[in-house]
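The values are calculated or read from the model by the stated rules, or taken from the named source; none is laboratory data. All values reported here derive from a predicted model rather than from experimental measurement. Glycine gets a Cβ as well: all are built from the backbone with ideal geometry, and neighbour counts include every protein chain shown.
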Amino acid sequence: MRLENKIALVTAAASGMGRAGVIRFAAEGAKIVAVDIDQKALDSVVKEITQAGHEAIGLCADLSDDQECTRIITQAVAQFGGIDLLWNHVGHPGFSKVEDIEPENYAITMDLNIRSVFMTTGAAIPQMRARGGGSILFTSSIAGLIGSPFSPLYSAAKWGVNGFMASLAGRLAVDNIRVNSVCPGVIDTPMMKTFMARPDQETDGEANLAMMKSMIPLQRVGRPEEVANTALFLLSDEASYITGVALPIDGGFVSK
């Protein structure tokens, strides 16, 4: 199995791409620490994994809180003895407005997309060093590679994620810790509708989605499992010579 005896922590693990990821990683032999703010959904995914005969725990956490970001690492180590793989998947679709944006709306977007990643990763690095290495993955977005007209703030945050990833890849290579990011395009998840039609603007989400699909060479939205499979590869030893990469998973969107 590709992740046998590895300890993997995944944030935003109870739905969409994160849920697909923890199920996939468990099937490949990883011990799972699933983190999410939704306790009911978290219980559901942990139950699915354990009923399939794999090891998993669920940690309910609000990762806009710095202390929660470090707590999940501490609890993962207490439960399983260390951490080998970290997928910082948590995020927020952001708000469309730049003019007159409320400070709290700016804060929640940046806290979940950047600050939580910074805090969680900082807590995990010493644990990975203690085990002789590891693999860190961030969820960025195609909006972190090209500007998003739907949310300039989201784009700013995801460009920041990719910059942080690239910096860490160089910094942590000496510790045998690889760092990469996945950059999903339009993926069929619960957040997709929110992204296409944000609550702070009057817009036709279905029309926006149709426009985006028309610009995708493969002419369809992606599936969560397709992102999970890519995450599996980048986290696994099969990608042992890959670090510092921001990989689009977008049906060819950014290639146009």
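Per-residue answers, yes or no, for (1) farther than 24 Å from Ala8 by Cα; (2) of a type outside the set (Ser, Thr, Tyr):
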site: Asn105; (1), (2): yes, yes
site: Asn113; (1), (2): no, yes
site: Tyr154; (1), (2): yes, no
site: Met165; (1), (2): no, yes
site: Ala169; (1), (2): no, yes
site: Ala173; (1), (2): no, yes
site: Pro190; (1), (2): no, yes
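Here is a list: Ala124, Ala169. Which entry is modelled with pLDDT of 95 or more, within 21 Å of Ile32 (Cα to Cα) and surrounded by 19 or more Cβ atoms within 10 Å (Cβ to Cβ)?
Of the residues listed, the single one that is modelled with pLDDT of 95 or more, within 21 Å of Ile32 (Cα to Cα) and surrounded by 19 or more Cβ atoms within 10 Å (Cβ to Cβ) is Ala124.
Out of the residues in the range 54-109 that are of a type in the set (Ser, Thr, Tyr) and within 16 Å of the chain's Cα centre (by Cα), state the one that is surrounded by the fewest Cβ atoms within 10 Å (Cβ to Cβ). Spell out the reasoning first.
Filtering the range 54-109 for residues of a type in the set (Ser, Thr, Tyr) gives 64, 70, 74, 96, 106, 109.
Still in the running and within 16 Å of the chain's Cα centre (by Cα): 64, 109.
On the way: Ser64: 17, Thr109: 21.
Among those residues, the one meeting the criterion is Ser64.
In the range 224-241, what count of residues is obtained for those that are exposed (fewer than 15 other Cβ atoms within 10 Å of the Cβ) and assigned to a loop (DSSP other than H, G, I, E, B)?
2
Determine the pairs where a residue that is within 13 Å of Leu3 (Cβ to Cβ), located within the range 233-253, has a partner that is of a type in the set (Ser, Thr, Tyr) and at pLDDT 95 or above with Cβ atoms under 8 Å apart, the partner being 6 or more residues away or on another chain.
Between residues of the range 233-253 that are within 13 Å of Leu3 (Cβ to Cβ) and residues that are of a type in the set (Ser, Thr, Tyr) and at pLDDT 95 or above, the close pairs are Leu234/Ser135; Leu235/Ser135; Ser236/Ser135; Ala239/Ser135.
Determine the pairs where a residue that is at positive phi and of a type in the set (Lys, Arg), located within the range 29-45, has a partner that is surrounded by 15 or more Cβ atoms within 10 Å (Cβ to Cβ) and at pLDDT 95 or above with Cβ atoms under 9 Å apart, the partner being 6 or more residues away or on another chain.
Correct list of pairs: empty, since none qualify.
Assess whether Leu209 counts as being buried (at least 17 other Cβ atoms within 10 Å of the Cβ) and out of contact with any Leu (no Cβ under 7 Å at 6 or more places or on another chain).
Details: buried (at least 17 other Cβ atoms within 10 Å of the Cβ): yes; out of contact with any Leu (no Cβ under 7 Å at 6 or more places or on another chain): yes.
Yes, satisfied.
Consider only pairs whose beta carbons are under 9 Å apart and that are at least six residues apart or on different chains; among these, list those whose first residue lies in the range 71-84 and is without any contact (Cβ under 8 Å) to a residue 40 or more places away in the chain and whose second residue is small (Gly, Ala, Ser) and assigned to a helix (DSSP H, G or I).
Once the first residue is without any contact (Cβ under 8 Å) to a residue 40 or more places away in the chain and sits in the range 71-84, its partners that are small (Gly, Ala, Ser) and assigned to a helix (DSSP H, G or I) give Arg71/Ala123.
Condition first: assigned to a loop (DSSP other than H, G, I, E, B) and among the aliphatic types (A, V, I, L, M). Now tell me which residues in the range 30-72 satisfy that.
The first filter runs over the range 30-72 and keeps only residues assigned to a loop (DSSP other than H, G, I, E, B), leaving 30, 37-38, 52-55, 61-65.
Of everything in the range 30-72, those that are assigned to a loop (DSSP other than H, G, I, E, B) and among the aliphatic types (A, V, I, L, M) turn out to be Ala30, Ile37, Ala52, Ala61, Leu63.
Looking at (1) out of contact with any strand residue (DSSP E or B) (no Cβ under 6 Å at 6 or more places or on another chain); (2) buried (at least 20 other Cβ atoms within 10 Å of the Cβ); (3) among the hydrophobic types (A, V, I, L, M, F, W, C); (4) closer than 19 Å to Asn180 by Cβ, which is the only condition Leu112 fails?
In the conditions (1) out of contact with any strand residue (DSSP E or B) (no Cβ under 6 Å at 6 or more places or on another chain); (2) buried (at least 20 other Cβ atoms within 10 Å of the Cβ); (3) among the hydrophobic types (A, V, I, L, M, F, W, C); (4) closer than 19 Å to Asn180 by Cβ, Leu112 misses (4) alone.
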